[in-house]
Amino acid sequence: MFWQKEFETMKRDKLEKLQLKRLKETAALVYNKVPYYKKLFKAKGVTPGHIKTLEDISKLPFTTRDDLQKNYPDKLLTIHHHDTMRLHTSSGTTGKPKAVFFTRKDIDVAANNIARCLTMTGVTKADVLQNMMSYGLFTGGLMMHYGAEKVGALVIPSAIGNTERQLLLMEDFKTTSIHLTPSYALYLSDIFEKKGPAFRKKIKLKRAYMGAEPYTEETKKKIEKILKVKVYNSYGLTEMNGPGVAFECEYQNGMHLWEDSYLMEIVDPKTDRPLPDGETGELILTTLTREGMPIIRYRTRDITAIIPEKCKCGRTHRRIMRIKGRADDMFIMRGVNIYPQQIERVLMSVAHVEKNYQIYLDEGDKIKVKVEITKKLFDGNLEHLKKLQADLTEKLRTEILVRPSVELVEPGSLPISEGKAKRVFDNRKIY
Ligand code: DLL
């Protein structure tokens, strides 16, 4: 099903023409209205007039998280903040958060993109969407809410946590779709397992939209099996309107990124060299329709690749692969680049492994993986435990090329996060 078929299936040449027009407008807008951008453009020796083709985007400066923090709270606006309507923030790595302002039109565009996402996965006004993401400065609450309302679904703003109440709402109001983070989904799966099949039979759940943090295909499968839903991957970031930037369609093979709203590039995160479709690198996004706070060539730090093939669904907006990790999450052990997702992938593919894990990096380039296993195995035969430990160690070594020490722990003994999960604890002094 389509929300805006004429835009979603627009021929590539027409779409690219539209992108170029919007790129020129956006470049002119920031150049003329945002002194900081004028300075960045000048430092690179470019003006909006230099943009003749889409490839010319590589002449423009990048915007980094640091630029956003430096211009906190409102120095990247094109208008006075009286003319904006909504503020969202996202915590930065240090000090001040990143603040993003939206005009009425900006919110409308964001909600419209989310309406496309929900519609392509089958949501209609007959659906009930329980939004289990935090409402507040985080975009996962309000932005998704507005998008789902646009479709006309009944939205339950349950927010995150209070799981018993979530289950009650699900049962009483016949929730068909939930929106949540993978870490909360893992927690919810535990509760579903404890409640048993009788509870699952009472509820009408069909789909789960999962995003806001990286997770693997194996985690997705685990959640699908326990919750008995289809899990759709949803990618976005506050700087680019929050959820609804890229989303899986009914074929669930990569996420369509709405290219009439964002211009995407993939670059080598170390050399900044543009990479062709199919190659893995850092995703760079430029807003194409934003009025209040347009952003040029934003360094998302997210690692992915553009899928060059056309999708069977008929949408012409290209897809990106599941996010492999953040350039910042990557850690180096004995010279090897390792993403936490590689470890998760191995753990989640092995029987008797439960859902929660932590990675510790210690002095002397030592890596320890703590992982919860099933109660049955934990309480059972020591030989079986040793075998699982040896098996996991070997599989992880093959994947990350470094031999970890593996500690098998009791289910429920590792902390559960309601927000974004913290998986890696780096105790090394120099890294
Ligand atoms: O997480 C927006 C969002 C809300 C997306 C709800 C999806 C659903 P931020 O808090 O600014 O915004 O965090 C953005 O989260 O740069 C990625 O590193 C990560 N991220 C978001 N979605 C995914 C995903 C929201 N599906 C940062 N897979 C991004 C992997 C994701 N990482």
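The values are calculated or read from the model by the stated rules, or taken from the named source; none is laboratory data. Predicted model only: the values in this text are computed from it and were never measured. Virtual Cβ from ideal backbone geometry, glycine too; neighbours counted across all protein chains shown. Side chains are part of the model used for accessible areas, which takes the heavy atoms of the whole protein and leaves out ligands, DNA and RNA. Shrake-Rupley method; radii C 1.70, N 1.55, O 1.52, S 1.80 Å.
List of remarks:
- Whole-angstrom gap from region 1-33 to region 272-329, using each part's C-alpha centre: 15
- Qualifying lysines (Cα of each under 23 Å from Cα of Lys24; at least 8 residues distant if same chain): Lys11, Lys14, Lys33, Lys38, Lys39, Lys42, Lys44, Lys52, Lys59, Lys75, Lys105
- Loop-resident trypsin sites (Lys or Arg not before Pro) (DSSP state other than H, G, I, E or B) in region 334-389 with no more than 14 further Cβ atoms inside 10 Å of their Cβ: Arg334.
- Estimated distance in nm for a label pair at Phe378 and Ser413, the labels positioned 7 Å out from Cα along Cα-to-Cβ: 0.6
- Judged by the mean number of other Cβ atoms found within 10 Å, the most tightly packed of the peptides 297-303, 224-230 leads the ranking 297-303, 224-230.
- Loop-located chymotrypsin sites (Phe, Trp or Tyr not before Pro) in region 214-256 (DSSP state not H, G, I, E or B) with no more than 13 neighbouring Cβ atoms inside 10 Å: Tyr251.
- Principal-axis tilt of helix 139-151 within the chain, Cα atoms, nearest 10 degrees: 70
- Spin-label zone in region 249-283 - amide nitrogen under 16 Å from a point set 7 Å from the Cα of Ile332 along the C-beta vector: 269-272
- Each residue, Val350 and Thr398, gets one label point 7 Å from its Cα in the Cβ direction; the gap between the two is 1.1 nm.
- Region 48-188: C-alpha gyration tensor shape, a/c 1.5 cut-off, then a/b vs b/c: prolate
- Counting only alpha carbon atoms, the long axis of helix 163-172 and the longest principal axis of the chain meet at about 80°.
- Where N is the number of residues in the chain, Cα Rg divided by 2.2 N^0.38 Å: 1.01
- Compactness index (Cα Rg / 2.2 N^0.38 Å), region 339-426: 1.04
- Rounded tilt (10° steps) of 182-195 against the dominant C-alpha axis of the chain: 40
- Solvent-accessible heavy-atom area per residue, rounded to whole Å², over region 1-101 at 1.4 Å: 57
- Cross-link partners of Lys195 among lysines (Cα-Cα below 21 Å; sequence separation of 8 or more within a chain): Lys174, Lys204, Lys206, Lys220, Lys221, Lys222, Lys225, Lys228, Lys230, Lys355, Lys375, Lys376
- Computed E for Lys225/Asp83 - FRET, C-beta separation, R0 51 angstrom, nearest 0.05: 0.55
- Cβ crowding within 10 Å averaged over residues, with 169-178, 115-124, 61-70 ranked highest first: 115-124, 169-178, 61-70
- Charges were assigned to the Cβ only: +1 to each Lys and Arg, -1 to each Asp and Glu. The resulting dipole of region 1-328 about its Cα centre is roughly 220 debye.
- Percent accessible area from carbon and sulfur atoms, the chain, protein chains only, probe 1.4 Å: 54
- Note on Lys24/Tyr135: beta-carbon distance plugged into 1/(1 + (r/R0)^6) with R0 of 35 Å gives a FRET efficiency of 0.45.
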